[in-house]
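Here is the structure we will look at.
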Amino acid sequence: MTKTRSTDQRLGRARQAAGSGAGGVRRSWQLVLLSALLVALAVPAALLVAPGFLGPEPPAPAPPAPAWQQVPTALSTVPGLAPPDGSAPVPLPSAVSAQLEPLLTADGGGTFTAVVQDALTGQVLFDRGGSEGRVPASNMKLLAAVAALRVLGPEHRFATRAVAGPEPGQVVLFGGGDVLLGPGGSAPDQVMGHAGLATLAAQAAEALQKGGATGEIKVLVDDSLFSGPALNPAWGPGDVAAGEVAPVYPLALNSARYDPAVTTGPRPQDAAMTAAEEFAARLRTAGAAAGLTVAAAVERLPAGAAGTTAPARTTAPARPEGEGASQPVVLGEVQSATVAEQVNLMLQDSDNYLAEALGRLTALADGLPGSNDGATAAVGAQLAAAGLAAEGMKLVDVCGLAMGNQVPARQFSEVVRAITSGTDTRLRSALDGFPVAGLSGTLDTRYRDAATARGAGLVRAKTGTLNTVLALSGYVVDADGRLLVFSFIGNGLTPGAAGNKEALDRAATALAGCGCR
């Protein structure tokens, strides 16, 4: 009995321990479940509260634009701009007409003329008044570009020099045609500011110190390269006041702007003197370390002063070793960006001042006066020499600001065709200058709505805008891979009518999507 009772007691204690363990396990699972529930509730709560402390989650990165809508970085990346071949089918004129006729409708008044051609053969695919003289606005810059590239050459550069003056203690800043000077150091990777006045001043200060210069240095400016009125009388005073253009000189900072990033509003009315004053300030800083003193006042070189004028066209000048009336001592020199680079900037930004300067420089290189009349004559002569001059063409300026210009759409389509053809490699240098629809230059904010978005990245064209004038001339590769050139010009338009600009963009977009057979 004792043994049995003892066994029962052991069994009882075992059952008690087992019951106690089971209760512990139950309590542990309850704690685990409770903890899991708290975590499950806490995580979403934390996600709701966390942004208040951590900030909103960054948005997912936008998908990259397709390759055909990327800004081209080289000619080889531009679709269809290897010299065009005949493998792609040519659109049918009737089909092109059916596409464009309903789109080229003026909003509120005025008319559009237009020409579309096959780039390879020159076949006219659409012609609405294409031989009529029209005010082309800034499409004029295409003509100026052709003339500059033909006469000056794509690789030509303009020299801005500091030379010894006719009297001891004088430094003459000679304007050789670079109107894109920068105030600081030369920036070889840029077009605007490629040549810098601080670099020129440092060269001049070093040369003066080595030459044993003493006393006060006086800065003069020689801006005699251009002749005739600095302001074209055909330009409206309101356009000048608004900063569309300024008096044209053979040297200027930032294309005659106070700030290259500010392209509207007041501009220096004496760009040559503004540049000379900046050069004097830089020379004052550079000369201080060399013990040189530079006078505060800057003057123009007196008319007829001998021995200071340097030639405008210089790519790699030899520096004279001695003084002389016909060969002044060169103290320093900076070179501009190439003509091709300047032409492309002119077309991208539709820079009126740069266009007028290039026109005058073209005239000088062609043996004509460096004036407005010389510029228009040189452009007309070069178009004729290239077989691109239209009958009855009238040029009043070369930037397109004047309302007196008369050029037919057919002329612009032929000019664009000459640029894209590759027949004259000098002209092909202008290809990169055409703004890309929706991406660059004066087309960067266009081609954004549903009706024109299909043309973004495909249409490349020079714009033109005046109060009652709109123009668009350029090239596009159609849906079948055929390279087409076009020119659309609207005159007598209702100012501010948004539908007119959209009409041009829709028409160009239609060409981009055109199989048209």
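Couple of notes before you dig in:
- Paramagnetic reach from Thr121 (point 7 Å along Cα→Cβ, amide N under 17 Å) across the stretch 450-484: 478-484
- The HN-Hα couplings worked out from phi for the stretch 291-299 by the Karplus form 6.51 cos²θ - 1.76 cosθ + 1.60 (θ = phi - 60°) are x, 9, 10, 10, 5, 6, 7, 10, 10 Hz, whole numbers, x standing for Gly and Pro.
- 20 Å reach of a label modelled at Asn467, 7 Å along Cα-to-Cβ, counting backbone N of the stretch 138-171: 138-140
- For the peptides 130-139, 492-501, 422-431, the ranking by mean Cβ contacts within 10 Å, running from highest to lowest, is 130-139, 422-431, 492-501.
- Using θ = phi - 60° and Karplus 6.51 cos²θ - 1.76 cosθ + 1.60, couplings along the stretch 170-185 (whole Hz; Gly, Pro as x): 10, 10, 9, 8, 9, x, x, x, 7, 9, 10, 4, x, x, x, x
- Contour excess over end-to-end distance, with Cα ends at Ala297 and Ala479 and 0.36 nm allotted per residue: 59.3 nm
- Cβ crowding within 10 Å averaged over residues, with 457-466, 291-300 ranked highest first: 457-466, 291-300
- Here r is the Cβ-Cβ distance between Asp444 and Gln209 and R0 is 41 Å; the resulting FRET efficiency, rounded to 0.05, is 0.30.
- Under the Karplus curve 6.51 cos²θ - 1.76 cosθ + 1.60, θ = phi - 60°, whole-Hz ³J(HN,Hα) for the stretch 351-364, x wherever Gly or Pro sits: 7, 5, 5, 4, 4, 5, 5, 5, x, 5, 5, 4, 4, 4
- Between the stretch 242-276 and the stretch 341-413, the Cα center-to-center distance that results, in Å: 20 Å
- Cross-link partners for Lys394 among the lysines, with Cα-Cα distance under 26 Å and sequence neighbours closer than 8 places in the same chain left out: Lys141, Lys462, Lys501.
- Förster radius 22 Å - calculated FRET efficiency between Asp424 and Asp189, Cβ distance, rounded to 0.05: 0.20
- Zone of Gln327's modelled label, taken as backbone nitrogen in the stretch 159-180 under 17 Å from a point 7 Å along Cα→Cβ: 163-165
- Remark: spin-label model distance Ala385-Ala290 equals 4.0 nm, labels positioned 7 Å along the Cα→Cβ axis.
- Packing around the peptides 220-229, 411-420, taken as the average count of other Cβ atoms within 10 Å per residue, puts them in this order, highest first: 411-420, 220-229.
- Gap separating the Cα centres of the stretch 92-121 and the stretch 501-517, nearest whole Å: 9 Å
- Close amide H partners of Leu253, meaning residues 5 or more places away or on another chain with modelled amide H under 5 Å apart, are Ala275.
Every number in this text was worked out from the coordinates using simple rules, so none of it is lab data. Here the structure is a predicted model, which is why all the values come from computation and not from measurement. Cβ coordinates were reconstructed from backbone atoms using ideal geometry, including for glycine residues, and neighbour counts include every protein chain displayed.
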